[in-house]
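Notes follow the structure.
The values are calculated or read from the model by the stated rules, or taken from the named source; none is laboratory data. The shown structure was predicted, so the numbers you read here are calculated from the model rather than taken from an experiment. All Cβ positions, even for glycine, are placed from backbone atoms using ideal geometry, and neighbour counts span all protein chains on display.
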Amino acid sequence: MPAEQIIVRGLVQGVGFRPFVWRLAQRLQLAGEVSNRGDAVVIRAAGMQASLDALALALESEAPPLARVDSVERTPTDAVAGQGFVIAASAPGALSVGVVADIATCGACLAEVHDPGARRHRYAFTNCTDCGPRFSIVEGLPYDRATTTMRGFALCPDCRAEYANPADRRFHAQPIACPQCGPRLRLEMRGAEVAGDPVVTAAELLRVGKILAIKGIGGFHIACDATDEAAVAELRRRKHRPAKPLAVMLRDRAMLEALCAAGEAEHAALAHPTAPILLLRVRAEAAIAAGVAPGQTRLGVMLPYTPLHHLLMEAFGRPLVLTSGNHSSEPQIFRDAEAYAGLGGIVDAFLTHDRPIARRLDDSVAQVIGGRIQVMRRGRGFAPVPLDLPAALAGAPPVLALGGELKSAICLTLGRKALLSNHLGDLEEPATQDEFERAIADYSAIFDHRPAAVAVDLHPNYRPSRLGAALAEARGLPLIAVQHHHAHIAAVMAEHGRPPEAGPVIGIALDGLGFGEDGTVWGAEVLLCDYASSRRLARLLPIPLAGGDAASREPWRVLLAHLDAALGPDAVPPTLFEGRQVATLRAMIARGINAPPASSAGRLFDAMGALLGLAPARLGFEGEAAMALQALAEAAPSGLPPYPFATASVDGLVEIDPSPMWREALTDRQAGVPAATIARRFHEGVAAIFADTAASLAAVHGANAVALSGGVFQNALLLEAVAARLADRSLELLLPGQVPANDGGLAFGQAAVAAARLLGR
């Protein structure tokens, strides 16, 4: 009989692919074997040619729901020994980017948890090949139990029988467990284990206002009753998190609909196996503590994604604050010893277990815009699912891209595959810097990645840039520096698979701050981009950031600079800055002392927030003023006229001047126009000027597409307004989706640019 070797590449690790192949082989009466290799699933099969053809077709058309088949390679091979078809032991192989992310509990497992007659009734660690922990427990490849943190739990006879049965949905489910042989849940208070059902007792503690640490899949969370104002305030006090919104877990769709407005696209995103935190509008009558998301109209909500969370939410019965287990600004804790030491002063009890976590994975955060999901933080459920680079970049050698300073993430490439890491945090914190370096070593080891080049941000003093330079020098590798906003736009281009031969795009990059090619600070730019290069065509009029970094934390400083530029210092109402060191700042600006000019959209939004009284003297977290401004603008009716901006040509650049906007907005404020109206007209004005400028420049330069990126485009109102203005311009619109628009997507863009440059494109 004819025999073939079939190599299947893609997302085929940990999704039940081998038992799926075994069942196909039984159906088609084929002999042979299937095994995991580090970079693929390898099948050796013999039988009728029609059956082999049917097998190859079914590998793609009938693949398991969590699998992603990228290629099926067939070659004739020697005769296969034996008559049956078996699942062989895994063999080591080349680099794999096919490890599945952690997956929310499937319906079949949840039914078992609720079935009093099932042996996994109320078992908090129930899983199968279609759900459960994956990347959070992996310590090496190939993906087998011995290379996960489950290796310390020896299977009982019943679990072993399921694990060894190809017809069972738990066949080779590496995290398989049951109450007799698997991880154990416990509740601890003051260092001692509490007797009784840990989940029931934890729910009772939450109902009386206690704060708990809960060990999840990718780390510890801190939880309290989201309807209890005092409990929420106490959590904020203990965690030193005065204003930043807190995420909330809801029991089910009914509880969600009572709290938030959500359409079918939102419900589908929440119920997806990735199970992200999703930003949703809160109903005015929602029964939730005001301190959960002060001043916001949107709330980050999620549904239970493990059996433990399902059991706890059913026992508790109320919305539950579930925020990262850490001190403010530090990385989420995922190791047991660190949790007891670091969270002991914050929580009253620990709901924990004895399954080790291999790596920290924050919850992913997303929103739905125009029916499409936009990932804002890539973590549990999304990482490390690989992304595709455009086919023309597949021939580039492996790249390690190190991203930026804030919302850091790294990216590894091999051929066409790009592995964008989970969110690693802001590198201003020493603890996050340590985690960042560990993540580089961890990803490189897990995926056996040996880079041929290192890509970094153009800013020479970013920590990733310095680390990348040191790595490149130590290993004798080329260092490729990529301008910040070019990386933002390249990330969107690559996510959409735009081929290099399609020509350059017009990119609108709106964010906080990024180092420019001229050595100044950029942040509101219109670029002409291909993968290898970019050229700035337009910018927002730069204004001085008095005090440097202090201006990013104190929006009144930026407002003063904008109003001085628009009106002149003598015309600025002094009442806006009572008690502020205005004279000192103006002297700094006049003398050019610690007042670098910047064309920042993020600071423009902060300044408008300050004008409308939405920004505190010092921001409690990045984006605080801008988020409040968006919430206020969304309360105003649509269709309001945009505030005007002026444009002029300066040294070959189109310069966008906000002075007319400031003059009109200030007049409206003094006339008592509602703040919501001013906020909405501001959003419409920013959208109009950048959309119109981009469309005009596209016509001049013959570009047929416009790409939007940068952290400011996390503002759904702004993104929708820009997209609407460009919708009828005969231009392809490239919007961020799976790759964050903020700096969490920089590494992916850097990797695409580096690949293009290495190929000489």
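Quick look at the numbers
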| item | result |
| --- | --- |
| Subset of region 694-712 (residues that are outside any loop (DSSP other than H, G, I, E, B) and either within 13 Å of P658 (Cβ to Cβ) or not β-branched (V, I, T) (or both)) | A694, A695, S696, L697, A698, A699, H701, A705, A707, L708, S709, G711 |
| Residues of region 385-441 classified as of a type in the set (A, V, I, L, M, F, W, C), part of a helix (DSSP H, G or I) and in contact with a helix residue (DSSP H, G or I) (Cβ under 7 Å, 6 or more places away or on another chain), total | 2 |
| Test: S600 is of a type in the set (S, T, N, Q), at pLDDT 95 or above, out of contact with any His (no Cβ under 8 Å at 6 or more places or on another chain) and over 30 Å from P390 (Cα atoms) | yes |
| Verdict on R27 being touching a residue at least 24 places away in the same chain (Cβ under 8 Å), part of a helix (DSSP H, G or I) and basic (K, R) | no |
| Residue that is in contact with a Gly (Cβ under 7 Å, 6 or more places away or on another chain) and either of a type in the set (F, W, Y) or farther than 21 Å from C224 by Cα (or both), where the choices are P179, P175, P183 | P175 |
| Residue match in region 308-316 (condition: within 23 Å of the chain's Cα centre (by Cα), part of a strand (DSSP E or B) and not aromatic (F, W, Y)) | no |
| Residue match in region 632-639 (condition: at pLDDT below 95 and either in contact with a Gly (Cβ under 9 Å, 6 or more places away or on another chain) or of a type in the set (V, I, T) (or both)) | no |
| Matching residues in region 404-460 - criterion: being of a type in the set (G, A, S) and under 19 Å from E473 (Cα atoms) | A441, S444, A452, A453, A455 |
| Flag for E193 being free of Cβ contacts under 8 Å to residues at least 24 places away in the same chain and acidic (D, E) | yes |
| Out of L414, L471, L419, sole residue that is surrounded by fewer than 20 Cβ atoms within 10 Å (Cβ to Cβ) and not assigned by TED's automatic domain parsing to the domain that holds D70 | L471 |
| Region 493-527: number of residues that are closer than 27 Å to P597 by Cβ, within 21 Å of the chain's Cα centre (by Cα) and outside any strand (DSSP E or B) | 0 |
| Any hit, region 581-599, residues being within 18 Å of L510 (Cα to Cα) and crowded, with 19+ Cβ neighbours inside 10 Å | yes |
